[in-house]
Structures are given as structure tokens and as C-alpha cells.
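Chemist: Below you'll find the structure I mean.
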Amino acid sequence: MTRRVVCPGSFDPVTVGHLDIIRRAAALFDEVVVAILHNPSKSGTFTIEQRIDFIEGASADLANVRVAAFGGQLIVDVCRKLEATAILKGLRSESDYAYEVPMALMNRQLSGIETLFIQGDAASGHISSSLVKEISGLGGEISGMVPDPVRDALYARRAGA
């Protein structure tokens, strides 16, 4: 039986913290599906296709990682469709834990699918997609917080604004 896990998120944009969790998951599971969840009524900074490209580029050396977009459905339905054994979420802080636990319990109640948590690396625990976008938008340096193609795309957006 393949041990498949789903790592869901918006990844708008993917950060080094996200990639740390994906890499660590790849070492623990046979297959990691990075599920980019999107709400069609919300506009993101990057298109779904760009987000997929960024993550695929940054994880190209991980043969057991694949990236796919899912919208308009519950994460547990995505897991059932993919025959995933678990949902994996990264945690940066106690507030992340407090936010994620009720969802994990609801997902288990709805489907029996467990949510596993991996503590994020202390070196990237302060990095979030929203902070990266804010810093970049105000002219700050974000090298080392996101993959270089993401950094370049954010700088290009800033230059075009």
C-alpha cells in the first residue's frame, strides 16, 4: 500500500517554510501531493498555474512529490479521491496549532482521515506568505524567504505597479 499524504494550502506564494515541510514529508511518505486549494471568488497574487510552477521547480529533485490544484471541494474529499492516508500541516507557532486543531478534528469526524502536524524549522518560523508579499510590496528584501523565481516574480510585480 502506498503511503500518500496531502499537504494542502494556498501557497500564494510558496515560502522556504512550506518547502521545508514538503521536503520533510517526502522523506516520510511514499508520495506527497501538494494540494493547492483555491477559491475562485478570491483573486490571489499569483495564478494557480504560477503557484504550481513555483512549487514544481523548487521540488524538482523530489521524485515522490507532485503538485495539483483543487477547488470547490473539501480537503477530505480530495484525500479520498487521491487515496491519501493523511493530511499533513506545518506549524510555526501555538496560534497555528490553535487554528489547525479544530479543522483536523472536523476532518477526522467527516472522513476518518487523520491530520499530522510537523513543527516548522525555527529558522523559517517567522516567514509567512502574507509577510513576504507585504515586505516585497514595500521595497524590502525577501531573498532567502522564498525560492528565487518567486522573489523575482514579486519584484517584477512591484516594478510594474
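The values are calculated or read from the model by the stated rules, or taken from the named source; none is laboratory data. All values derive from a computational prediction rather than experimental measurement. Every residue, glycine among them, receives a Cβ derived from its backbone with ideal geometry; neighbour counts consider all protein chains shown. These area figures cover heavy atoms from the full protein model, side chains too; ligands, DNA and RNA do not enter into them. Shrake-Rupley method; radii C 1.70, N 1.55, O 1.52, S 1.80 Å.
Chemist: Can you give the charge dipole size of the chain about its Cα centre, rounded to the nearest 20 debye, using +1 on the beta carbon of Lys and Arg and -1 on the beta carbon of Asp and Glu?
Modeler: Dipole magnitude for the chain comes out near 280 debye.
Chemist: What is the percent carbon and sulfur in the accessible area of the chain, measuring with a 1.4 Å probe over the protein chains and ignoring ligands?
Modeler: Here it works out to 54 percent.
Chemist: Subtracting the Cα-Cα distance from 0.36 nm times the residue separation, let me have the gained length for Ser93 to His126 in nm, one decimal.
Modeler: Length gained between Ser93 and His126: 11.0 nm.
Chemist: In degrees from 0 to 90, rounded to the nearest 10, what is the angle of the helix 16-28 Cα long axis to the longest principal axis of the chain?
Modeler: Once rounded, one gets 30 degrees.
Chemist: Another question, then. Grab the beta carbon distance between Asn64 and Met103, set R0 = 25 Å, and tell me the FRET efficiency rounded to 0.05.
Modeler: Efficiency computed from Cβ-Cβ geometry: 0.50.
Chemist: Shape verdict for the range 1-42, please, from the Cα gyration tensor: rounded (a/c under 1.5), prolate (a/b greater than b/c) or oblate.
Modeler: oblate
Chemist: I'd like the Karplus ³J(HN,Hα) series for the range 43-58: coefficients 6.51, -1.76, 1.60, θ = phi - 60°, whole numbers in Hz, and an x wherever there's a Gly or Pro.
Modeler: Result, ordered by residue: 9, x, 5, 10, 5, 4, 4, 5, 4, 4, 4, 4, 6, 4, x, 6 Hz.
Chemist: So what is the 222 nm mean residue ellipticity for the chain from helices alone, if each DSSP H run of at least 4 adds -39500 (n - 2.57) and you divide by all residues, rounding to the nearest 500 deg cm²/dmol?
Modeler: Theoretical 222 nm ellipticity from helices: -14000 deg cm²/dmol.
Chemist: I've got another one for you. Could you compute the net charge surrounding Lys89? Neighbours are other residues with a C-beta less than 9 Å from the C-beta of Lys89; K and R count +1, D and E count -1.
Modeler: Spelling it out: positives minus negatives among the neighbours equals -2.
Chemist: If you don't mind, there's one more thing I want to ask. Based on the mean of other beta carbon atoms within 10 Å per residue, what is the order of 72-85, 13-26, most packed first?
Modeler: Going by the mean number of other Cβ atoms within 10 Å, highest first, we get 13-26, 72-85.
Chemist: OK, next. Ignoring ligands, DNA and RNA, what accessible area per residue does the range 54-144 give at 1.4 Å, in Å²?
Modeler: The answer is 56 Å² per residue.
Chemist: Can you list residues whose amide H is under 5 Å from Val146's amide H, if they're 5+ apart or on another chain and H is modeled 1.01 Å from N?
Modeler: It is Val16, by chain and number.
Chemist: Still on this structure, I have one more. Set Lys and Arg Cβ to +1 and Asp and Glu Cβ to -1, take the dipole of the range 12-108 about its Cα centre, and tell me which of Ile21, Met103, Ala35 lies farthest positive.
Modeler: Going by the charge dipole, the pick is Met103.
Chemist: Starting from the Cα gyration tensor of the range 1-92, take the square roots of the eigenvalues, sort them a ≥ b ≥ c, and report rounded, prolate or oblate (rounded when a/c is under 1.5, otherwise prolate if a/b is larger than b/c, else oblate).
Modeler: oblate
Chemist: Pop out the ³J(HN,Hα) list for the range 60-72 in order, Karplus 6.51 cos²θ - 1.76 cosθ + 1.60 with θ = phi - 60°, rounded to Hz; leave Gly and Pro as x.
Modeler: Here the 3J(HN,Hα) series is 4, 7, 9, 5, 9, 10, 10, 10, 8, 9, 9, x, x Hz.
Chemist: Moving to a separate point now. On a 0 to 90° scale, report how tilted helix 148-160 is relative to the longest principal axis of the chain, with both axes built from alpha carbons and the result rounded to the nearest 10.
Modeler: So the helix axis and the longest Cα principal axis differ by about 50 degrees.
Chemist: Another question about this same structure. Under a point spin-label approximation (7 Å from Cα along Cα-to-Cβ), what is the Asp152-Arg3 distance to one decimal in nm?
Modeler: It is 3.7 nm.
Chemist: Okay, moving on. Mind checking the full-extension length gain between Glu114 and Arg23? Use 0.36 nm per residue of separation minus the Cα-Cα distance, one decimal, nm.
Modeler: In short, 30.8 nm is gained.
Chemist: Relative contact order of the range 1-82: what whole-number percent is it, with Cα pairs under 8 angstrom and at least 6 residues apart?
Modeler: Reported as a whole number, the value is 35 percent.
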